[in-house]
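Some notes on the structure that comes next.
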Amino acid sequence: MISVGALDDIPTDEGVRIQADVPIAVFRVGTGTESEVYAIDDTCTHQRASLADGWVEDCKVECPLHSVCFDLRTGQPDGLLTKKPVRTHQVVVSDGQVYVRLSTEVNQPEEGREVEVA
Amino acid sequence: VTRTVTVVGGSLAGLSSARALRERGFDGRVVVVGAEPRPPYDRPPLSKDFLAGTVTADELALLSPDDDELDLEWRLGRAATRLDPAARTVELDDGERIASDGVVLATGAAARPLDDSAPDGLHTLRTVADAEALRERLRPGARLVVVGAGFVGAEVASTASALGVTVTVVEQASIPFERALGPDVAAVCARLHERNGVTVYTGVGVRRVLANGAVRGVELADERMLAADVVVAGLGARPCVDWLVGSGVELDGGVRTDAGGATNLPGVVAVGDCAASYRRYTGTVTRLEHWTNAAQQPAEAVATLLGQRPPAHPAYEVPYFWSDQYGCRLQFAGHREPGDRVDVVEGDLGSTSFLAVYRRGGEPVAVFGMNQPRLFGRWRRQLAARLPSMD
């Protein structure tokens with residue numbers, strides 16, 4: 001597992017980027033005990049852009065370059081620009097610390113892939 | 001009777017139109033005509049990663065396996081030659097006539113050539129084939145002159161210099177992008193070339209390309225000579241609308257449309273680079289060559305064609321473009337006019353990371369970011385709030 005840092009250090013409705021084998025974007029949605037943390041691959045599947053810099057709304061992140069929206073729970077994009085999902089990764093919050101367990105799957109955007117929901 | 005919509009144009013705007021037709025429930029025939037033999041692909045990487053050789057042609061493909069379900073009839077490698085609104089047909093260069101209840105004009109734009117000559121080593125960049133041909137020439141040590149410091153020219157200069165090519169840029173304007181970005185921000189962008197070892201001559205045009213079968217250099221308007229093995233004309237693009245002259249569709253530096261993509265002809269809409277459309281954001285008729293416009297204008301134009309209510313999110317109507325040069329990401333949204341005040345709200349103009357907000361009467365009207373995607377995204381959204389309500 002990769003340590004992300006303290007939950008309180010992740011701003012609400014914003015992303016932080018951490019470096020694993022590939023960059024991972026970690027998002028905190030909502031505040032206090034209601035907040036959820038999600039982790040997805042950071043690089044937009046459409047073109048090079050960091051999703052951690054994107055706009056978070058309705059449990060989706062909008063790519064800062066082309067506005068493709070990815071669901072933070074499933075990694076699925078919506079809209080017409082790309083059909084290729086980003087991988088999702090398991091998030092563990094323990095004692096106020098956030099950890100990410102990387103998905104082991106290869107990023108093969110075929111149908112029927114299993115999705116880990118954090 | 002099977003209803004047919006013909007989409008004339010097989011690139012981003014055409015494909016987005018075809019997808020929007022299906023997404024909005026149109027279940028008749030959809031015929032997509034594309035002048036290039038290649039299925040739709042993404043053009044922005046052609047001057048960046050594809051030219052650098054780090055992205056393959058296959059990776060540019062815009063079609064995904066899901067698109068098979070769209071059941072589109074493709075006519076690739078064929079150009080439309082005539083629109084006959086009375087007979088409701090689109091005619092192709094091989095003589096086929098497609099009876100069409102609706103037509104989406106999405107023929108895009110073509111690179112403006114430097115002149116009529118075509119010596120070996122003189123290039124423009126618009127298609128995969130163009131980029132492949134140019135890439136062959138960008139060998140380390142080669143001498144490249146880029147004519148025009150617009151986005152294509154600037155990106156080619158950036159990519160080529162990273163490949164070890166000796167690059168010189170010639171730009172007619174005294175500061176490239178001055179009209180779009182204003183003098184201060186434009187000057188910062190222009191400095192990127194020099195910071196990266198690229199020589200820039202501004203305020204001077206090119207009189208002619210010197211060639212002896214193959215390119216040998218260019219002669220500038222002030223009679224200076226620049227030696228070159230390769231010359232790229234980055235002089236912008238002109239809309240592919242010549243085939244529509246005489247059809248009755250109104251042309252005005254592109255196919256004239258209203259904000260919803262409707263032309264003066266019933267059942268005919270236009271989208272993307274070929275469309276000179278009324279823009280709610282600026283209140284003007286403008287032809288945009290922005291990727292985002294080509295990707296997003298079709299949703300509304302197709303709604304117009306089908307007589308449906310347009311999508312409820314007009315945020316895309318804030319004009320937006322981006323560019324990657326010398327490792328810097330440049331993003332601009334909105335519309336700048338002379339006299340707008342520029343506030344640097346993050347970083348400073350002497351660095352390669354800053355955000356500038358343009359204000360008119362105190363109100364933000366445009367935003368430029370260099371390596372500031374997160375902050376830029378927030379300001380871009382704020383600009384959408386200026387749009388008049390669609391109702």
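Looking at region B:148-190, which of the residues that are of a type in the set (Asp, Glu) and free of Cβ contacts under 8 Å to residues at least 60 places away in the same chain is least open to solvent (accessible area, probe 1.4 Å)?
The qualifying residue least open to solvent (accessible area, probe 1.4 Å) is B:GLU171.
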Could you check region B:230-274 for strands (runs of 3 or more DSSP E) lying wholly inside it with 1 or more residues that are within 18 Å of the chain's Cα centre (by Cα) and without any contact (Cβ under 8 Å) to a residue 12 or more places away in the chain?
none
Testing B:ARG75 on (1) assigned to a helix (DSSP H, G or I); (2) within 21 Å of B:VAL128 (Cα to Cα), one condition comes back false. Which one is that?
(1)
Among the residues of region B:49-74, what is the count of those that are under 20 Å from B:VAL32 (Cβ atoms) and open to solvent by less than 30 Å² (accessible area, probe 1.4 Å)?
7
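Select from region B:88-110 the residues that are free of Cβ contacts under 8 Å to residues at least 24 places away in the same chain and either in contact with a His (Cβ under 7 Å, 6 or more places away or on another chain) or open to solvent by 60 Å² or more (accessible area, probe 1.4 Å) (or both) and list them in ascending order. Working first, answer last.
Initial filter on region B:88-110 (free of Cβ contacts under 8 Å to residues at least 24 places away in the same chain): B:89, B:91, B:93-97.
Of everything in region B:88-110, those that are free of Cβ contacts under 8 Å to residues at least 24 places away in the same chain and either in contact with a His (Cβ under 7 Å, 6 or more places away or on another chain) or open to solvent by 60 Å² or more (accessible area, probe 1.4 Å) (or both) turn out to be B:ASP93, B:ASP94, B:ARG97.
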Restricting attention to region B:350-360, the residues that are loosely packed, with under 15 Cβ neighbours inside 10 Å and either under 27 Å from B:PRO44 (Cβ atoms) or acidic (Asp, Glu) (or both) number exactly 2
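Which one is least open to solvent (accessible area, probe 1.4 Å), of the residues in region B:191-222 that are basic (Lys, Arg) and not in a strand (DSSP E or B)? So that I can check it myself, show each step before the final result.
First pass over region B:191-222, keeping only residues basic (Lys, Arg): B:191, B:195, B:207-208, B:216.
Applying the additional criterion that residues be not in a strand (DSSP E or B) yields B:191, B:195.
Working: B:ARG191: 100, B:ARG195: 131 Å².
Of everything passing the filter in region B:191-222, B:ARG191 is least open to solvent (accessible area, probe 1.4 Å).
Taking B:SER389, is it modelled with pLDDT of 90 or more, exposed (fewer than 13 other Cβ atoms within 10 Å of the Cβ) and not in a helix (DSSP H, G or I)?
Numbers: modelled with pLDDT of 90 or more: no; exposed (fewer than 13 other Cβ atoms within 10 Å of the Cβ): yes; not in a helix (DSSP H, G or I): yes.
Answer is no for this residue.
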Would you call B:VAL365 open to solvent by less than 20 Å² (accessible area, probe 1.4 Å) and away from chain A (no Cβ under 14 Å)?
yes
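This table checks each residue for (1) at pLDDT below 90; (2) in contact with a helix residue (DSSP H, G or I) (Cβ under 6 Å, 6 or more places away or on another chain); (3) more than 15 Å from A:GLN90 (Cα to Cα).
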position	(1), (2), (3)
A:VAL4	no, no, no
A:GLU34	yes, no, yes
A:HIS46	yes, no, yes
A:GLN76	no, no, yes
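For residues that are without any contact (Cβ under 8 Å) to a residue 60 or more places away in the chain and away from chain B (no Cβ under 14 Å), scanning just region A:32-69, find the one that is surrounded by the most Cβ atoms within 10 Å (Cβ to Cβ). Quick ask: steps written out before the conclusion?
Taking region A:32-69 and keeping what is without any contact (Cβ under 8 Å) to a residue 60 or more places away in the chain, we get A:32-35, A:40, A:42-44, A:46-69.
Now restrict to residues that are away from chain B (no Cβ under 14 Å): A:32-35, A:40, A:59.
Values: A:GLY32: 6, A:THR33: 5, A:GLU34: 7, A:SER35: 15, A:ILE40: 27, A:CYS59: 14.
Top of the filtered list is A:ILE40.
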Where residues in region B:264-301 are out of contact with any helix residue (DSSP H, G or I) (no Cβ under 8 Å at 6 or more places or on another chain) and closer than 26 Å to B:PRO338 by Cβ, which of them is least open to solvent (accessible area, probe 1.4 Å)?
B:ALA276
Would you confirm whether or not region B:323-330 contains a residue that is surrounded by 14 or more Cβ atoms within 10 Å (Cβ to Cβ), part of a strand (DSSP E or B), within 14 Å of chain A (Cβ to nearest Cβ) and among the hydroxyl-bearing types (Ser, Thr, Tyr)?
yes
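Evaluate the following for B:ARG38: is it at pLDDT 95 or above, within 24 Å of B:VAL156 (Cβ to Cβ), touching a strand residue (DSSP E or B) at 6+ places or on another chain (Cβ under 8 Å) and surrounded by fewer than 18 Cβ atoms within 10 Å (Cβ to Cβ)? Working first, answer last.
Numbers: at pLDDT 95 or above: yes; within 24 Å of B:VAL156 (Cβ to Cβ): yes; touching a strand residue (DSSP E or B) at 6+ places or on another chain (Cβ under 8 Å): yes; surrounded by fewer than 18 Cβ atoms within 10 Å (Cβ to Cβ): yes.
So B:ARG38 passes the test.
Mind counting the residues in region B:111-138 that are assigned to a helix (DSSP H, G or I), under 22 Å from B:GLU171 (Cβ atoms) and either aromatic (Phe, Trp, Tyr) or open to solvent by less than 50 Å² (accessible area, probe 1.4 Å) (or both)?
Of region B:111-138, the ones assigned to a helix (DSSP H, G or I) are B:128-137.
Adding the requirement that they be under 22 Å from B:GLU171 (Cβ atoms) leaves B:130-131, B:134, B:137.
Pick out the ones that are also either aromatic (Phe, Trp, Tyr) or open to solvent by less than 50 Å² (accessible area, probe 1.4 Å) (or both) and you get B:130-131, B:134.
Within region B:111-138, residues that are assigned to a helix (DSSP H, G or I), under 22 Å from B:GLU171 (Cβ atoms) and either aromatic (Phe, Trp, Tyr) or open to solvent by less than 50 Å² (accessible area, probe 1.4 Å) (or both) number 3.
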If I ask for residues that are touching a Pro at 6+ places or on another chain (Cβ under 9 Å), at pLDDT 95 or above and β-branched (Val, Ile, Thr), which ones from region B:167-199 would you list?
B:VAL169
Restricted to region B:352-362, and to residues that are touching a strand residue (DSSP E or B) at 6+ places or on another chain (Cβ under 8 Å) and in a loop (DSSP other than H, G, I, E, B), which residue is farthest from the other protein chains (Cβ to nearest Cβ)?
B:THR352
B:ARG381: touching a residue at least 60 places away in the same chain (Cβ under 8 Å), under 27 Å from the mean Cα position of the chain (by Cα), within 11 Å of chain A (Cβ to nearest Cβ) and open to solvent by 50 Å² or more (accessible area, probe 1.4 Å), yes or no?
yes
Looking at region A:9-31, which of the residues that are open to solvent by 60 Å² or more (accessible area, probe 1.4 Å) and assigned to a strand (DSSP E or B) is nearest to the other protein chains (Cβ to nearest Cβ)?
A:ARG17
Could you list, in sequence order, the residues of region B:1-56 that are in contact with a Pro (Cβ under 6 Å, 6 or more places away or on another chain) and either away from chain A (no Cβ under 14 Å) or part of a loop (DSSP other than H, G, I, E, B) (or both)?
B:GLY10, B:SER11, B:VAL55
Pairs, please: C-beta under 9 Å, at least 6 apart or cross-chain, first residue under 25 Å from B:ALA18 (Cβ atoms) and within 14 Å of another protein chain (Cβ to nearest Cβ) and in region A:81-110, second modelled with pLDDT of 90 or more and open to solvent by 50 Å² or more (accessible area, probe 1.4 Å)?
A:LYS83/A:GLN76; A:PRO85/A:GLN76
For the structure I just gave you, tell me whether B:GLU337 is open to solvent by 50 Å² or more (accessible area, probe 1.4 Å), within 23 Å of the chain's Cα centre (by Cα) and either within 11 Å of chain A (Cβ to nearest Cβ) or in contact (Cβ under 8 Å) with a residue 12 or more places away in the chain (or both).
yes
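The values are calculated or read from the model by the stated rules, or taken from the named source; none is laboratory data. Note that the coordinates shown come from a computational prediction; the quantities given were computed from them, not determined experimentally. Cβ: placed from backbone, ideal geometry, glycine included. Neighbour counts: every protein chain shown. Each accessible area value is taken on the protein alone, full model and side chains, heavy atoms only, with ligands, DNA and RNA left out. Shrake-Rupley method; radii C 1.70, N 1.55, O 1.52, S 1.80 Å.
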